[in-house]
Structures are given as structure tokens and as C-alpha cells.
Amino acid sequence: MDRCAIIGFGMTAIEARKPGSTFADMVWEAVNKALDDAGITIKDVENVITTSNDFFDGRTISCMAVGDASGVREKNCSCTEGDGTFGAFYGLSRILSGAYGTTLVTAHSKGSESVSSLITNAAFDPIYERALGLDAITAAALQANAWMKATGATSEQLAMVSVKNHGNARHNPYAQLPMEITVKDVLESEMIADPLHKLDCSPVSDGACAILIAREGLVKKGRKKPVWIGGVNFCSDAYFLGDRDLAKAPALTKAAQKAYSMAGVANPAKEIQAAEVYDAFTHQELMWIEALGLAEAGQAGADLAKGRFALGGALPVNPSGGLLSGHPVIAAGLYRMAEAVRQLRGEAGAAQVDGAKRVVVQGMNGLCGQSHCVWVLESGK
Amino acid sequence: MCADLSGIEPVIYKSGINVPYHWWAGDTASAFLTALRDRQTITAIKCGSCGMVFVPPRKTCPQCFTPNTQWLEVGPLGTVTAFTVARKQLAAIKDTVPVVFALVKLDGASTSMLHKLLLQNPSLAKAGMRVKPRFAQDRTGTILDIQGFEPA
Ligand SMILES: [Zn+2]
């Protein structure tokens, strides 16, 4: 693969409600922050990918709402639905085609403006499943039970993910829910769907994120230290939940193995210094850590309890605070990439992981993690 | 936001989307749904290449990328492979909570089917429990022709 790098990023603060910002306002803010960060102008951008979801936005061809704010006029713009990491993958692919130079990727959503339960219910098959009344949370709860039964993970271990991530968010100026909480607080929070308590679930959030990707020859245009794309891969699992073993995530494992192989990573648990993963629910962080090869199967909970994934531990996971501390669906994976860039530039402040040279990022979309996109980002070539 | 607009009251525009759809269920799902309605049986379809038995049935095998051809009946007994007890009245849930959602692997099937468990005490739900379908009195050819699964 030709060498490409992330040369800039911009994030809005993640908030429960942004009544003062339209989709376009949020994207405008993120795009201009990204351009400022890179020290380039919109004229330097040749290729734009926007990421959105029509159902969440409540409009057909939802990307149209943010085209002007993304500076697409008289440029080649294309839209992705799903997670922001998928948009970034598409943007990178277009660079690698040789047809495009510097590429802007945006992603946005405002969970506050609709009803997430109804929107994620519509992700179920309309003929066979939708009328049953499940949504993303109850589906994740099925998965959590299945995974806990298969691995012996405990509710206390799940709660520790929430404690860690909300705690990490105290160092993140963009996070919605920085909190100092205890395992007891999590276990005593409202039971939403067994075994997931309120504090096991990520909140409803608003936010937009933008990143700029450039091929090697154009990277020097950026004013900050480039963050190199060492490897990337994308893999999907079966659509129907009943076709999968919900206690496993083979699509993520496959995507990770291929991304590591591209990056020349033989032993991810040793060669990666931090991870930003899609912790929409506490159990998912532990599941994804294992599927990413960062812990032995069934050991993530025990490793977490020993502090291995905490700030200051051997392999901090979600030093940003993760999605439990703010989950703008669709934009969420792009936020993870931006957070990895902050780490690799040494800009993460009190959440900085010492010696972070390689960070793995996971984006995800679909019920219980149907599709996964894994990025290996590096500070040097 | 621009500084000169600070202090402006944000106007919230209330709206919604309500579009009726009339989806053709497809011949495979039609066969499944009419069997629920007319015969109170759960039908499945088998891949001639790998032997996977799919419930709910679909026209092609995702592994072999070939058409599925052989219909058979599965169950009515099955085993719960995953479950959750929904406690909060989330907007998508039509029944009054607690509601037990589950994946049920019917005897003879290779895949599990998403549905509900009908339990006097939802806290007794567990993976591995044996269940059987309870069919609705009035059946109209939808997945809700099965009311749910109850202990066998
Ligand atoms: Zn087959």
C-alpha cells in the first residue's frame, strides 16, 4: 500500500444535546478545526467523503445537509452510511486509486433529535423480526449474556469498564460524561435489559468529527506531525443474529489479523501501546479487546481487573473515555481515529500514553457488531 | 456559532416521518409465514451443498452462495441459546415490560430464531432451557403468529 497519513482532525465537543447547532453547524465546526489543525485550506482538499444515516437524520440523502459545510462544491464528494471509520476507509481507497489527493472525511449525528430505540429497531429484518420490538440495546443484552456465559465474565468486570472509561473522560475536553464512579454505582444503576445497567450503556449524544488524509507526497503540506496508516481492514459478519455465535466476533478477528499483517504487527498485545475501541456497551469493550488479539480469549475481564487496560497500565484501552463517555453514532469511529491521532502526536494531555507509537482503532456498525473496520495508526513510518 | 448570533433562542422544529410501506415478503418468507398462519408449523430451508438448515428461511445459502431448495419442518421444541429480560420500557418494545427476548434454536435447525419467551417469572429465563411455541389465536401471516415460546 502507498503510504498515507492523517494530517489533521477536528472534533466538536460530544454533548447530550446541541440545540444551538444544526448538522451543518457541527460539521462546519469539525471541518474548520481539521483544516486549521493541518494548516491547509479547503482549496487543498480534492476529495470529500461524508458519513451519515438517513434514519437518524430524518431526511433522504442525509449527506446533502452537510455538503456545503464539508466544502464539496465542484469537488468529487461521495457519501457513506455506517460508521465514520467506513467513510475513512472509502476515502483512503479513493486516494489509493491514484485519482485523488488530500481527502476530507466527515461524520455526524444527533441522537438527541429522534428516538434511537425506534431507529435501531428498524435495523431488524422487517419481515421476520422487526415486530418483535428489539433495538440496539436489547440485542446487545442478548450478546452480553451469551458472551458472559461463554467466558465466565462477571457483571463486576463489565462495571469496571464503565468506571475506567468515565474516569478517563475526565481528561478529555470533548467528552460528554466525565465521571468519577464506582463499580457499585454501575451495578446499582437502573437495569435496562439484563445484564446491562444504565451505566453499562453508552449515552445518546450529538457530535461531528472530521479528519484529513493525504498520500505521502502531499503529507508535507500539513503543519503537524503526520500519523501514518500502517494497516487497515474491514470485515462483515452474518446479518441475522441467529446465524452468529453471539459470544464471538470472528469478523473483527479477521479484520484485525489482516490489518496487523499489513502493518507488520506480529504480536499485537506487545507491539501496540493503546487502543480506541467501540465500547457502545461495557461487555463489548472486553469482547473487542479479545477479538482484536489484545488479550487471551476469556481473559479481558481479568486483565482489566489487574489494571492492564487503565491509564498507566501496559495497554490502555479507550484512554479518551470511549463511547461510554459520549456516543455520537456514525461519527463514533471517526472520533476514535481522531483520539488515536491525539495520542500519537503526544497531544492527549493527562490521558497521554507514554511512548505511544502504534495505536489500534476499531469502528463498528450493525446490531451486536456486524461489521468492523480496524485501523493500525503509527507515529513514524 | 457566530458570536453575533449568541443568545438567539434555538427554535426546535417538531416533525416526523410516517411513510406506509407494502413490502413483498418474497416467496421464501411467504411460504414460512403462510405455514405459521395455516398449519401452525415452523418451516425451514436446507442448503443442498453444506446441509445448513436455516430458520427463518432464506432463499440462498450465504456460505455456499447457492440457492436453497429443500423445505422441511423444524421443532416445535427448541433450546434457548441467548436471552435478555428487558426491564425498561424502551420505545421499540410494544408489550409491557418485563419482556424476555431470546434466540431459540429449534430442533433440526442450524440457526437460531429471534423471538420472545412467555414466562410467568422472567427471572427464570436461562440459556439452555427447552421451549415450545405458543401460536396466536388470530393469525394473519406475520412473525407474531407465534406469540412467543413457553417452557416445554
Ligand atoms: Zn450451504
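The values are calculated or read from the model by the stated rules, or taken from the named source; none is laboratory data. Everything numeric in this text was worked out from a predicted model, so none of it was measured. Quick reminder, even Gly has a Cβ in these numbers, built from the backbone with ideal geometry, and neighbours come from all protein chains shown. Heads up: the accessible areas ignore ligands, DNA and RNA and are worked out on the full protein's heavy atoms, side chains in. Shrake-Rupley method; radii C 1.70, N 1.55, O 1.52, S 1.80 Å.
Summary of computed values
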quantity	calculated
Inter-part distance where the range A:45-81 and the range B:93-108 are each reduced to a Cα centre, Å	38 Å
Long-range HN-HN contacts of B:Thr60 with modeled amide H, under 5 Å	B:Asn68
Rounded to 5, percent antiparallel among DSSP beta bridges of the protein assembly as shown	80 percent
Stokes-Einstein D (µm²/s) once Rh is taken as the Kirkwood radius of chain A over alpha-carbon pairs, at 20 °C in 1.002 mPa s	106 µm²/s
Centroid-to-centroid separation of the range B:114-152 and the range A:129-198 [C-alpha atoms, Å]	27 Å
Solvent-accessible area buried by A and B, counting both chains, probe 1.4 angstrom, square angstrom	3100 Å²
Shielding by partners, peptide A:242-250 (average Cβ within 10 angstrom, other chains)	4
Members of A:Lys164/A:Lys306; A:Lys225/A:Lys270; A:Lys254/B:Lys105; A:Lys184/B:Lys126; A:Lys164/A:Lys184 lying beyond 20 Å, as alpha-carbon distances in this model show	A:Lys225/A:Lys270; A:Lys254/B:Lys105; A:Lys184/B:Lys126
Most to least packed among A:36-42, B:98-104 [average Cβ atoms within 10 Å]	B:98-104, A:36-42
Ellipticity estimate at 222 nm from DSSP helix runs (n ≥ 4, -39,500 (n - 2.57)) divided over the protein assembly as shown, nearest 500	-7500 deg cm²/dmol
Anisotropy class of the range A:1-143 from Cα gyration tensor, a/c 1.5 cut	prolate
For residues of A:116-123, the mean tally of beta carbons on other chains within 10 Å	3
Under 5 Å, built H, 5+ apart or other chain: amide partners of A:Val232	A:Val376
Label-point separation in nm, B:Leu118 to A:Leu118, each point 7 Å along Cα→Cβ	2.9 nm
Set of aspartates and glutamates with alpha-carbon distance to A:Lys224 below 16 Å, sequence-local pairs under 8 removed	A:Asp36, A:Asp37, A:Asp44, A:Glu216, A:Glu339, A:Glu347, A:Glu378
Pairs of lysines in the range A:28-158 (C-alpha under 27 Å apart; 8 or more residues apart or interchain)	5
Whole-number percent relative contact order across chain A, with pairs defined as alpha carbons under 8 Å at least 6 apart	25 percent
Nearest-ten-degree value, helix B:27-39 long axis tilted from longest Cα axis of chain B	70 degrees
Label-point separation in nm, A:Glu296 to A:Lys270, each point 7 Å along Cα→Cβ	1.5 nm
Distance (nanometres) between label positions extended 7 Å along Cα→Cβ at B:Leu72 and B:Ile17	4.2 nm
Rounded to whole Hz, the Karplus (6.51, -1.76, 1.60) HN-Hα couplings of the range A:13-18, x for glycine and proline	4, 8, 9, 5, 8, 10
Residues along the range B:62-97 losing 20 Å² or more of accessible surface when the other protein chains are present rather than the chain by itself (probe 1.4 Å)	B:Ala82, B:Phe83, B:Thr84, B:Val85, B:Arg87, B:Lys88, B:Leu90, B:Ala91, B:Ala92, B:Lys94
Using a Förster distance of 60 Å, the FRET efficiency for B:Ala136-A:Ala99 (Cβ separation, nearest 0.05)	0.60
Full-stretch length increase - A:Lys357, A:Asp36 - with 0.36 nm per residue and alpha-carbon distance subtracted	113.2 nm
Amide hydrogen neighbours beyond the local backbone of A:His197, cut-off 5 Å, H modeled	A:Ile192
